[in-house]
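Below: the structure, in structure tokens.
The values are calculated or read from the model by the stated rules, or taken from the named source; none is laboratory data. The structure presented is a predicted model; accordingly, all values stated were derived computationally and were not measured. Ideal geometry is used to build each Cβ from the backbone, glycine not excepted, and the neighbour counts take in all protein chains shown.
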Amino acid sequence: MVTVRPLDSPDAEQFKAMRLLAADNAPTAIRPTRQEEFAHSIEEIAGRIRSTPTQAVFGAFAGELLVGITGVRREPLCQVKHKATIWGVFVDPSYRGRGIAQMLLAAATAHASEEWGTIQLMLCVNAENLPAKRLYASYGFRTFGVEPRAMKVGDRFYDEEHMFKQLV
């Protein structure tokens, strides 16, 4: 059975390992690079994953093992606090196809809506990442624009689709 909960400081090592796996597995879908992610200390990561009034990071656990992650953040400014951004969705390849990404999205959405009063979610996805685009579309996200050459990996540029979902 897989459970989803907010991450906190004691989860920092597993979170870092998951981000490194994501960088290895999907370098065109994640920022920063493996080298940049590796350079972060466990203390820095513990600070990055701690819930605040403007950010929460969720983990999917199979028992004690972290198998999926995502985050949600928002700006505290009055004119834009109605929306939040989903980031860093990743599920260990050996656990895919079990609805874990949907569970993570549901947890992040519920947090943004219930804790912050968010009424709109945003995200970006590599325009060539068809499985991720299908996932987000199935969850109600719609594309509203494409940023050309948003990411450069090696010698190749990748476009990103900007997507949104209205909650109310």
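Which one is surrounded by the most Cβ atoms within 10 Å (Cβ to Cβ), of the residues in region 82-103 that are over 11 Å from the mean Cα position of the chain (by Cα) and assigned to a strand (DSSP E or B)? It would help to see each step written out before you state the result.
Initial filter on region 82-103 (over 11 Å from the mean Cα position of the chain (by Cα)): 82-84, 92-100, 102-103.
In the following step, the residues that additionally are assigned to a strand (DSSP E or B) were identified as 83-84.
Details: Lys83: 18, Ala84: 30.
Per the stated criteria, the residue is Ala84.
Checking each residue in region 115-168 for being on the phi > 0 side of the Ramachandran plot and modelled with pLDDT under 95 picks out only Gly154. Conditions: (1) farther than 24 Å from Gln166 by Cα; (2) in contact with a Pro (Cβ under 8 Å, 6 or more places away or on another chain). Ala62 meets all but one. Number of the miss? With respect to (1) farther than 24 Å from Gln166 by Cα; (2) in contact with a Pro (Cβ under 8 Å, 6 or more places away or on another chain), Ala62 is out only on (2).
Among the residues of region 104-136, the ones that are farther than 17 Å from Phe164 by Cα and either in a loop (DSSP other than H, G, I, E, B) or of a type in the set (Lys, Arg) (or both) come to 1 in all. Only a single item in (1) outside any helix (DSSP H, G or I); (2) in contact with a Ser or Thr (Cβ under 9 Å, 6 or more places away or on another chain); (3) not polar (S, T, N, Q) is not met by Gly140, and it is number (2). Within region 32-44, residues that are among the polar types (S, T, N, Q) sit with their Cβ atoms under 7 Å from residues that are assigned to a helix (DSSP H, G or I), at 6+ positions apart or across chains, in these pairs: Thr33/Ala23.
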